[in-house]
Amino acid sequence: MHSLPLADIQLTDTFWSRWQNLLLDVTLPTQFTQLVETGRLSNFEKAAAKAGEFEGLWFNDSDIYKFAEACAYALTIREAPKVRECLNTVIQKIQAAQEPDGYINTYFQLGHPDMKWRNLNMMHEMYCGGHLIEAGVAVFECLGDRRLLDVSIRFADHVASVFGPGKRLGYCGHEEIELALLELSRVTGNATYRDLARWMVESRGSRPSPYEAELLDPDACSLWPGTGSLLVRDGHYIGEYSQDHAPIRDHTQVVGHAVRAMYFYIAAAELADGTSDEALEAALVRCWDNLTQKRMYVTGGIGPSASNEGFTADYDLPNLSAYAETCASCGLVFWGRKMLELTGNSEYADIVERALYNGVLSGISLSGDHYFYANPLESRGTHKRTPWFFCACCPPNIARLIGSLDRYVASVSDDRFYIHIPTGFRCQTTIADSKAGIEVESDYPWSGKVIIRFKLDVPVRFKLFLRIPEWSENMEVDLPGADEPADYDNGYAVYDRTWAPSDVLKVDFGMNPVWVEANPKVRENLGRVALSNGPLIYTAEECDLGFAPQLFAANTDATITVGKTSGLPGLQTLTVEGFAEIEDDEEALYPSEGSIACREVSARFVPYYAWNNRGANSMQVWVRKA
Ligand code: FUB
Ligand code: ZN
């Protein structure tokens, strides 16, 4: 199965179209201002002029590329002259900065021209180049503009002239180029890029690692003095930080830097797709299962630790100190889509949905111009979204994901049409060699009621695969004229029939608020519960409760009421019953048991993604159970 080209599908629901409109009107214009004001764009001007000092972090070029990619996607949603102008400016600056041999990386061009490709593990040259390629492909496919694609091809050819079988053994410490080369190969039809990507994926983890030599090279290490600290343990090279600990087929767990790991596995899944490489697919499934069954927050956040921006141990999921980088959840969504395409199994779509509606979306403010880098599940009031970061990987990552959301809701394959996320959309595509229009009307994620309308010129026989969400306990279907029940396949309800031109399928997934518990091995959450409703995880904020949510204990037997709050228009809230300790300034530090007074309270919970939009205040996802 594959996603529809972005031009063939439009999100029409009030939930995501709001984010996509914000993307065009607020998010991208304000990001462009940041790219200019922080010197990211002028680094390209300086590189073109071969004069001036590089400003910022050594991988800042990637922010420009991800921004360009997001603009390309956004412009398929609708025309926006300001965004088109920003994109055009960016493309021109990139073109001008590329060296005649195809090399482009303004950090090295401006400050270290003699040190190119010397510290592959930490210096991100191929990582930045990978984002360039993704942008080149997006601008070409979405807008028919080849300029960045040509820059990308020249860069990829340059990389292929230095690295590869019979040449130098080397691959980037931060994966990204592998998946980008695969995209480039798909678009250009040039198998060289695919072969290079495969070689990079397969070479990682072999011994000796090319990074071991880099660690012995003082000049290479001087580029980033912390290079060894993340790769070496007890004096031995480990490589986990960069997933260089073992060859891919021997991977059993997700380790190291979370974003690196996600991008690596995306490429590996793409390589496994369409082949019968069972060992590769098995390794991917093992790592996915380890991640989603033992190392993922209930929000779809991943990578609990700030020190390596990544993974620690099974069930280690601290709430207050959770790193759960926005980029890592974006990466999980990207990888989940590839696993879904590889296996056809709805459990991947379940995780994509979980991450999208929770851990990813919390990364951006409701106003579309403030961001979280880390996405904790508890706050004592010290967290606050900001308009930008010195290390600003997350804002353009979430922008490119919001711009390309349409890729995650539906897919097509020969005589099958898949609906993975039943948000409102309309599309025009070809199914079973016939033109088909399909429209979904829903109020997702606020309601599980969905209407699917078929717009066909003539009756067409095809299979509709409708994902049954993991949270749906009681699905009701109304399909006039259908006398046979649906088949079930890999978590999808399958309707195999000749569809009439104006058929209508109505579904109610039965969305109800539910309390969930964590595996007791997640020690942090013992005796705690989290509130969910359909795809959304809810959270308690002090501004709703009038007291810190840490004082609250939920009565999980009591009725939960669906409502609204004027502070967060358009959102559904859930009001639950429970108890709260009364804080008393006179109370001793250690009073005798039973002497702290409690009162019965109602507590309004809001969707997790929407927390921290009414000022900084205490927040808690996993509340105590009364
Ligand atoms: O290193 C490039 C990006 O910056 C990573 O993906 C993020 O984790 C941040 O370190
Ligand atoms: Zn990030």
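Read-outs: derived from the displayed coordinates by stated rules, not from any lab. Quick caveat: nothing in here was measured; it's all calculated off a predicted structure. Here the Cβ positions follow ideal geometry from the backbone for every residue, glycine too, while neighbour counts run over all protein chains shown.
The table for this structure:
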quantity: Ranked list, fewest to most other Cβ atoms within 10 Å of each Cβ, for GLU484, GLU542, GLU586; calculated: GLU586, GLU484, GLU542
quantity: Fraction of the pair-distance distribution of segment 2-410 above 28 Å, Cα-Cα pairs, percent; calculated: 43 percent
quantity: Amide H within-cut-off set for THR573, under 5 Å, with H built and near neighbours excluded; calculated: GLY563, LYS564, THR565
quantity: Per-residue [θ]222 nm for the chain (sum of -39500 (n - 2.57) over DSSP H runs n ≥ 4, rounded to 500); calculated: -11000 deg cm²/dmol
quantity: Kirkwood hydrodynamic radius of segment 258-393, from inverse mean 1/r over distinct Cα pairs, in Å; calculated: 15.2 Å
quantity: Least to most buried among CYS142, CYS71, CYS287 (fewest other Cβ within 10 Å first); calculated: CYS142, CYS287, CYS71
quantity: Residues VAL621, VAL522, VAL159, VAL285 arranged by fewest to most Cβ contacts within 10 Å; calculated: VAL285, VAL522, VAL159, VAL621
quantity: Amide H partners (placed H, <5 Å) of HIS370, local residues excluded; calculated: SER365
quantity: Evaluated over segment 153-201, the Cα radius of gyration and Dmax, each in Å; calculated: 9.7, 27
quantity: From phi via Karplus (6.51, -1.76, 1.60), per-residue ³J(HN,Hα) for segment 598-614 in Hz, x at Gly/Pro; calculated: 10, 9, 7, 9, 9, 10, 8, 9, 10, x, 3, 4, 9, 5, 6, 9, 10
quantity: Over the chain, relative contact order from alpha-carbon pairs under 8 Å, at least 6 apart, %; calculated: 12 percent
quantity: Kirkwood hydrodynamic radius of segment 583-626, Cα pairs, Å; calculated: 13.8 Å
quantity: Rg and Dmax of segment 413-508, Cα atoms only, in Å; calculated: 12.6, 36
quantity: 10 Å-binned pair-distance histogram of segment 415-457 (Cα, whole percent); calculated: 28, 51, 19, 2
quantity: Long-range HN-HN contacts of VAL601 with modeled amide H, under 5 Å; calculated: GLY578, PHE579, ALA580
quantity: Table column - 3J(HN,Hα) (Hz), segment 201-213, Karplus curve with 6.51, -1.76, 1.60, x for Gly and Pro; calculated: 5, 6, 6, 4, x, 7, 10, x, 7, x, 6, 4, 5
quantity: Whole-Hz ³J(HN,Hα) from phi, Karplus 6.51 cos²θ - 1.76 cosθ + 1.60, for segment 410-425, glycine and proline x; calculated: 8, 9, 9, 7, 6, 9, 10, 10, 9, 10, 8, 10, x, 7, x, 8
quantity: Percent of alpha-carbon pairs separated by more than 19 Å within segment 16-157; calculated: 48 percent
